1. Looking at 58, 77, which is the one that is within 11 Å of residue 8 (Cα to Cα) and part of a helix (DSSP H, G or I)?
2. Any residue that is within 16 Å of residue 93 (Cβ to Cβ), in contact with a helix residue (DSSP H, G or I) (Cβ under 6 Å, 6 or more places away or on another chain), β-branched (Val, Ile, Thr) and not in a loop (DSSP other than H, G, I, E, B) - is there at least one of those in the stretch 6-26?
3. What number of residues in the stretch 11-44 are crowded, with 16+ Cβ neighbours inside 10 Å, out of contact with any Gly (no Cβ under 6 Å at 6 or more places or on another chain) and farther than 18 Å from residue 68 by Cβ?
4. Which condition breaks for residue 84 when tested against (1) more than 16 Å from residue 12 (Cα to Cα); (2) surrounded by 12 or more Cβ atoms within 10 Å (Cβ to Cβ); (3) modelled with pLDDT of 95 or more?
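The values are calculated or read from the model by the stated rules, or taken from the named source; none is laboratory data. These numbers come from a predicted model, not from an experiment. Every residue, glycine among them, receives a Cβ derived from its backbone with ideal geometry; neighbour counts consider all protein chains shown.
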Amino acid sequence: MEKEIVRFFARAEGRVQGVGFRFFVQQNAAELGLCGWVRNMEDGSVTMEVQGAAKAVEALWNKIWQGNGYIRVSGLETQAQEPSSDEREFAIRY
């Protein structure tokens, strides 16, 4: 059975800068076998593109909503994208 590969652009709002959110996303994405990137934005939000098995992407969204003692996500907008064959890892962009 082949896994469905999906890709999403997402924008997270809340307490997501200065709290290790990008590292949190990168670490969890890597553990779930996902690729893509995450980056801080000037408006205080964090944007990302996440690609991988649909169930793994859903698991990442759940982890992002749960956060940790420092991270508090108040909004997470997602938009489907076309999968990319170029990426192999999950990067923090600056």
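1. Working: 77 fails: part of a helix (DSSP H, G or I).
So the residue among 58, 77 that is within 11 Å of residue 8 (Cα to Cα) and part of a helix (DSSP H, G or I) is 58.
2. No, because not a single residue in the stretch 6-26 is within 16 Å of residue 93 (Cβ to Cβ), in contact with a helix residue (DSSP H, G or I) (Cβ under 6 Å, 6 or more places away or on another chain), β-branched (Val, Ile, Thr) and not in a loop (DSSP other than H, G, I, E, B).
3. Here the count works out to 4.
4. Evaluating residue 84 over (1) more than 16 Å from residue 12 (Cα to Cα); (2) surrounded by 12 or more Cβ atoms within 10 Å (Cβ to Cβ); (3) modelled with pLDDT of 95 or more leaves (3) as the failure.
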